[in-house]
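Peer 1: Okay, handing you the structure first.
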There are 2 protein chains.
Amino acid sequence: MRDRRIQAAHALLPNAWQQAPKEARAFAPVNIALAKYWGKRDEALHLPVTDSFSVSLALGTTTTIAKGEAHDDFWLNGGKIDPATPFYKRMQEFLDLVRPHHSFTFSVHTENNVPTEAGLASSASGFAALTLALNSFFGWNLSSKNLSLLSRLGSGSACRSIAPGFMLWHKGEKEDGSDSYAEPFPEKWEELTCGIFYVSTKKKEIDSRTAMKRSQETSPYYPLWPDVVAKDLFDITEGIKTKNFSQFGQAIEQNALAMHALMHTAAPPFSYYTSDTISTMKHIWQARNEGVEIYFTMDAGPNIKAFFLKKDICDIISIFKSISLVELTF
Amino acid sequence: MRDRRIQAAHALLPNAWQQAPKEARAFAPVNIALAKYWGKRDEALHLPVTDSFSVSLALGTTTTIAKGEAHDDFWLNGGKIDPATPFYKRMQEFLDLVRPHHSFTFSVHTENNVPTEAGLASSASGFAALTLALNSFFGWNLSSKNLSLLSRLGSGSACRSIAPGFMLWHKGEKEDGSDSYAEPFPEKWEELTCGIFYVSTKKKEIDSRTAMKRSQETSPYYPLWPDVVAKDLFDITEGIKTKNFSQFGQAIEQNALAMHALMHTAAPPFSYYTSDTISTMKHIWQARNEGVEIYFTMDAGPNIKAFFLKKDICDIISIFKSISLVELTF
């Protein structure tokens, strides 16, 4: 498994390279999936069962890389990471894919301008920022496609975080994953607005990898998931092209609900919904029944990410007192 | 549509009959579906897409029939029903199927010993009790099969309410519905216990007919629903035969969650879950993680019906303060 990852990484890098600047820094945005990545066809290489689609936020991760000392040192928002943590291990394993030689070590500072507890996927922006920083640290000068491919080896959805705007991740067909990367979807939508409902959760829920795997392996509805994504992806991209917000909104909401339905029907069943999630969903449906167009999506957590048009901001913030507006990047 | 119903009803009744006693009274139990009836292959005759399976409660409906005056008069729990209500219309249409002659009218008193607001389906026990009372009022002396077939024309799931214990509704294949009836499943389970969480709901939710229809017509997962029911029904009946409570419990819970997943993925999406539903589900999952075997089911409403074994009653009522025990009938 590790060998196939190293092979995949080395296929992307120049033949020879050396450390270029003393340190390098890069930013990568958080992305919100609109057509979800839920299920893998290859676990080692993070190859998905379906295409997926996202939009990048202005929030994200800034990563600074320098050569390390005796061993890798990682900092997150100023705090040093304990080598015994899964976070440390995952970073180290990713860096193993690109170390110039066995004893080369890194010092990596990661700053998220996203509240860590907000449940906005920071592993995607984290591995994307790390990839972009490595690219400039070593002077690889990789294409966007190769940056996306490389970051995917850190975290699947990181491949959608290497650029702003709408991103389309092609699932690809090849066994080595060399055609499974994300690229910018060539449309902008300045009117599109996002707001987040931060839903508090007392307990740590099931982690998203386990959630994905259990859905794929046990939900009786999973066999129809690829068809669901194909249809929703069509409506999302058509909605964007024609600026048909209803088509876009219905599709992103249905896609999220269809993903959560896979978890609810997994064995054993589980749910990221909390009481607040349900009441927020129903509040959104009620607003829509009363003529305010707002749709939502949800990832592997209880938070609700809502989308609406700029013209409706005043209505939205007066109806939903707890919504936090976040900036999209186009 | 009405003609096909009248035809179906008359096929079940004796050639000639007359009013036998002055009045007749019958009781029929509420049934809780364990493998759900969710989707119709024939709307007029209430013919289902799949088999379904239920257990009867000791709670239910007692109906008293007498010959009426100028027009049909219906009472529910002592209150006279307004002829302008859908309830009146539905009763009247069912009685139209069995009137000895056009001008024959009925006086029907219905008493539910189920709190009406409890969300326990009372139309099933209501139409079953009405059918049983008609059978004795007119001295039809119908077989259980024919009683089930006739009550089905009033409300689909009423066909499972004509007897106590476990009931299996065969979906049938015939166009006239003459093989779509429920019969007792020949097993008892004295140890099986039921408790209900009455979840309050402020708003009237979508009615269950609309919910079923929208699920069937728009959920992308509906094509797999028949397979889900077939598998769950196998596990439920095997679990009962071998008294394997885990197999039984997992199957009833998965079946309910799979039905609600159809609603969540319908277009437009909707949910009977309330904040309390979600927190009760999670409480049940938590108890199970801690070793207390309790599983739940839910119908087209926010209430949760839990099942567990008699030996665990003391644990259950100490963990779940708001559970109301209800008696099953075997």
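The values are calculated or read from the model by the stated rules, or taken from the named source; none is laboratory data. Since the structure is predicted, the reported quantities are computational estimates derived from the model, not experimental observations. Here Cβ is always computed from backbone atoms with ideal geometry, including for glycine, and neighbour counts include all displayed protein chains.
Peer 1: If only one of A:74, A:104 is more than 30 Å from residue A:233 (Cβ to Cβ) and touching a helix residue (DSSP H, G or I) at 6+ places or on another chain (Cβ under 6 Å), which one is it?
Peer 2: A:74
Peer 1: Output the residues belonging to the stretch B:225-247 that are away from chain A (no Cβ under 14 Å) and in contact (Cβ under 8 Å) with a residue 60 or more places away in the chain.
Peer 2: The answer is B:236, B:237, B:240, B:245.
Peer 1: Anything in the stretch B:181-199 that is part of a loop (DSSP other than H, G, I, E, B) and either closer than 22 Å to residue B:300 by Cα or free of Cβ contacts under 8 Å to residues at least 60 places away in the same chain (or both)? List them, or say none. Outline the logic, then answer.
Peer 2: Initial filter on the stretch B:181-199 (part of a loop (DSSP other than H, G, I, E, B)): B:181, B:185-191, B:198-199.
Scanning the stretch B:181-199 gives B:181, B:186, B:187, B:198, B:199.
Peer 1: With the checklist (1) part of a helix (DSSP H, G or I); (2) facing chain B (nearest Cβ under 7 Å); (3) touching a Pro at 6+ places or on another chain (Cβ under 8 Å) in hand, flag the one item residue A:263 doesn't pass.
Peer 2: Among (1) part of a helix (DSSP H, G or I); (2) facing chain B (nearest Cβ under 7 Å); (3) touching a Pro at 6+ places or on another chain (Cβ under 8 Å), the lone unmet condition for residue A:263 is (2).
Peer 1: Working only within the stretch B:266-289, note down all residues that are polar (S, T, N, Q) and either not in a helix (DSSP H, G or I) or not assigned by TED's automatic domain parsing to the domain that holds residue B:236 (or both).
Peer 2: Passing the criteria: B:271, B:274.
Peer 1: Restricting to the stretch A:82-110, count the residues that are within 30 Å of residue A:197 (Cα to Cα) and surrounded by fewer than 17 Cβ atoms within 10 Å (Cβ to Cβ).
Peer 2: Applying the first criterion (within 30 Å of residue A:197 (Cα to Cα)) to the stretch A:82-110 yields A:85-88, A:90-91, A:109-110.
Cutting the leftovers down to surrounded by fewer than 17 Cβ atoms within 10 Å (Cβ to Cβ) gives us A:85-87, A:90.
The total comes to 4.
Peer 1: On to the next question. Just the residues that are surrounded by fewer than 21 Cβ atoms within 10 Å (Cβ to Cβ) and not basic (Lys, Arg), please, taken from the stretch B:288-300.
Peer 2: B:289, B:290, B:291, B:292, B:293
Peer 1: Consider residue A:274 against the criteria (1) of a type in the set (Val, Ile, Thr); (2) more than 10 Å from chain B (Cβ to nearest Cβ); (3) in contact (Cβ under 8 Å) with a residue 60 or more places away in the chain: it satisfies all of them except one. Which criterion is unmet?
Peer 2: Tallying (1) of a type in the set (Val, Ile, Thr); (2) more than 10 Å from chain B (Cβ to nearest Cβ); (3) in contact (Cβ under 8 Å) with a residue 60 or more places away in the chain, residue A:274 fails exactly one: (2).
Peer 1: Considering only the stretch A:200-224, state which residues are over 19 Å from the mean Cα position of the chain (by Cα), within 11 Å of another protein chain (Cβ to nearest Cβ) and touching a residue at least 24 places away in the same chain (Cβ under 8 Å).
Peer 2: Once the filter is applied, which keeps residues that are over 19 Å from the mean Cα position of the chain (by Cα), within 11 Å of another protein chain (Cβ to nearest Cβ) and touching a residue at least 24 places away in the same chain (Cβ under 8 Å), the stretch A:200-224 yields A:201, A:218, A:219, A:220, A:221, A:222.
Peer 1: Taking residue A:74, is it without any contact (Cβ under 8 Å) to a residue 40 or more places away in the chain and in contact with a Phe, Trp or Tyr (Cβ under 7 Å, 6 or more places away or on another chain)?
Peer 2: On the way: without any contact (Cβ under 8 Å) to a residue 40 or more places away in the chain: yes; in contact with a Phe, Trp or Tyr (Cβ under 7 Å, 6 or more places away or on another chain): yes.
Considered against the rule, which asks whether it is without any contact (Cβ under 8 Å) to a residue 40 or more places away in the chain and in contact with a Phe, Trp or Tyr (Cβ under 7 Å, 6 or more places away or on another chain), residue A:74 comes out as yes.
Peer 1: Does at least one position in the stretch A:136-147 carry a residue that is under 30 Å from residue A:315 (Cβ atoms) and buried (at least 20 other Cβ atoms within 10 Å of the Cβ)?
Peer 2: Looking through the stretch A:136-147, none of the residues is under 30 Å from residue A:315 (Cβ atoms) and buried (at least 20 other Cβ atoms within 10 Å of the Cβ).
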